[in-house]
Amino acid sequence: MPEFLTLDTATAADYVKKIPGLFPPDAELSCTEIGDGNINFVFIVRDGKTGRSAVIKQSLPYLRSSGKNRLLTVDRARIENEALQIEHSFCPDLVPAIYHTDKDNALTVMEDISDHLNLRKGLIQRRKYPAFPRHIGCFLARTLFLTSDLALDGKAKKTLLSRFINPEMCEITENLVFTVPYYDAATTKYTPGAAAAGAALRENGPLKLEIARLKDGFLTRGQALLHGDLHTGSIFVTETSTKVIDPEFAFFGPMGFDIGAVIGNLVLNYAAQAYHSPTPAEREDYRSYLLNTVAETWRTFEAEFRRLWAEKAVEITARAPGYQDYYLRGVLRDACGYGGCKAIRRIGRAQVEDFKAISDEAARGRAEVHALALGAAMIMHREEIDRIEDLTEMIRSITEPKD
Ligand code: SR1
Ligand code: MG
């Protein structure tokens with residue numbers, strides 16, 4: 001077997017030059033490493049002559065943010081590649097096209113989407129993306145419905161599921177989302193103003209019971225093929241286009257986990273707007289925009305899910321009167337609960353730019369306390385949520401702490 005090829009900016013350009021049909025033989029290629037995530041390496045290669053470009057994503061056998069001491073399976077590259085292909089087949093406009101797959105070197109060459117902006121960055125700048133909720137709602141409905149037992153017969157579903165056993169990546173999520181904030185004081189570092197609220201999570205018995213129930217759902221409920229890490233850093237946008245990337249955490253889990261990831265990260269930005277919005281009027285305006293985005297995402301998801309159910313459900317029990325409404329109510333409540341978990345997990349550990357960019361420590365502490373309160377309410381009150389408006393109204397009712 002050939003030696004594993006670890007790319008750098010020089011070898012990445014040479015590598016893509018050898019892929020038939022990707023660049024012309026006389027291409028003048030330049031390459032930059034652009035990965036800013038915790039896990040992998042990402043290169044953009046451009047041909048100065050034609051302007052054509054491609055992205056190479058490579059997984060090395062360790063976690064980028066921790067260095068070579070923290071080993072991590074490169075099977076995540078296969079899982080990401082296969083998940084991208086499935087997602088692209090359902091939503092061709094919303095997922096980058098794959099140009100080349102190299103299993104031996106744990107890499108995928110794909111469409112360059114760098115004309116889009118990372119959604120997390122766009123939200124921090126208070127930009128508005130009118131097409132995003134429709135796009136992401138459709139992405140969620142199609143990827144989740146079409147990989148569930150509603151759309152696949154039992155054997156096809158289990159065969160597909162067997163390709164997405166992803167223990168090492170799931171373990172990261174199990175620890176960081178469901179364990180660390182509630183049990184691990186040593187590695188959780190809150191901004192001083194949020195330290196008491198963070199410590200209170202570890203003493204909150206009723207909350208820990210709900211986390212146990214939600215974690216059990218994550219561990220045991222293989223409802224559909226999830227993206228698995230659908231935070232706003234995994235989504236790129238323009239005003240008219242949306243691209244979803246990075247499904248290396250893909251596995252079969254509860255649908256509400258992916259929907260909750262989107263909602264939870266919009267809620268994080270909602271809390272951080274206490275700092276990012278320069279005036280109360282602009283804060284109010286942007287927070288309304290964020291809550292409308294939450295509501296429209298759910299409404300699109302629900303409408304498309306119901307349409308797919310009517311057209312494509314093969315599971316005979318899907319015809320039972322009342323089952324569709326029951327099923328969707330469960331998904332909405334799960335989305336609310338997992339959304340709360342996703343908000344809380346980003347405060348104290350594996351923090352996100354929405355909060356890291358708050359330079360005033362006192363303001364940052366207050367925003368973190370607000371985010372923790374929103375997350376906890378989403379978890380504790382999820383079973384009172386019947387309509388998406390119940391969730392957006394609840395978020396509005398939880399005001400931020402004062403100085
Ligand atoms: C150790 S990796 C930390 C986080 O980054 C990824 O984007 C995932 O969300 C993971 O939990
Ligand atoms: Mg990622």
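Observations, loosely collected:
- Look at the dipole of the chain built from charges on Cβ: of Ala131, Gly35, Ile385, the Cα furthest out on the positive end belongs to Ile385.
- Using C-alpha pairs below 8 Å separated by at least 6 residues, the relative contact order for the stretch 263-397 is 40 percent.
- Applying the criteria of a DSSP loop state and at most 15 other Cβ atoms within 10 Å to the trypsin sites (Lys or Arg not before Pro) of the stretch 210-302 yields Arg221.
- A 1.4 Å probe run over the protein chains yields, for the chain, 42 Å² of accessible area per residue, whole-number rounding.
- The aspartates and glutamates within cross-link reach of Lys312, meaning a Cα-to-Cα straight distance under 18 Å and a gap of 8 or more places when in the same chain, are Glu87, Asp149, Asp153, Glu302, Glu304, Asp325.
- The modelled label-to-label distance between Gln85 and Lys158, using points 7 Å beyond Cα along the C-beta direction, is 2.3 nm.
- The chain, relative contact order [Cα under 8 Å, separation at least 6], %: 18
- On the beta carbon distance between Arg70 and Ile98, with R0 = 25 Å, the FRET formula returns roughly 0.35.
- Alpha carbon centroid spacing (whole Å) that separates the stretch 362-403 from the stretch 164-180: 25
- Per-residue ellipticity at 222 nm from helix content only, as computed over the chain with -39500 (n - 2.57) for each DSSP H run of at least four residues, stands at -16000 deg cm²/dmol.
- Too-long pairs where the Cα-Cα distance tops 29 Å, listed order kept, from Lys68/Lys208; Lys189/Lys215; Lys215/Lys356: Lys68/Lys208
- By accessible area, using a 1.4 Å probe on protein heavy atoms only, the chain has 52% of its surface on carbon and sulfur.
- For the stretch 311-395, convex hull volume per residue from C-alpha positions, Å³: 131
- Annotation: extensible slack from Ile398 through Ile34 equals 127.2 nm (criterion: 0.36 nm per residue apart, minus Cα-Cα distance).
- Remark: the chain is approximated by an ellipsoid whose semi-axes, taken from the C-alpha gyration tensor as √(5λ), come to 33, 26, 21 Å, largest first.
- Local electrostatic count at Asp246 - Lys and Arg +1, Asp and Glu -1, tallied over other residues with Cβ under 9 Å: -2
- Amide N proximity, the stretch 335-360 versus Glu383 label position 7 Å along Cα-to-Cβ, cut-off under 14 Å: 337
- Packing order of peptides 168-178, 37-47, highest average first: 37-47, 168-178 (average count of other Cβ atoms within 10 Å over each peptide's residues).
- Whole-angstrom gap from the stretch 228-254 to the stretch 325-344, using each part's C-alpha centre: 18
- Annotation: lysines with alpha-carbon distance below 25 angstrom to Lys49 (same-chain offsets under eight excluded): Lys17, Lys18, Lys57.
- In this simple spin-label approximation, Asn292 and Lys17 carry label points 7 Å from Cα along the Cα→Cβ vector, and these lie 5.1 nm apart.
The values are calculated or read from the model by the stated rules, or taken from the named source; none is laboratory data. Values in this document were obtained by computation on a predicted structure and should not be read as measured data. Glycine also receives a Cβ, built like all others from the backbone with ideal geometry; neighbour counts cover every protein chain displayed. Heads up: the accessible areas ignore ligands, DNA and RNA and are worked out on the full protein's heavy atoms, side chains in. Shrake-Rupley method; radii C 1.70, N 1.55, O 1.52, S 1.80 Å.
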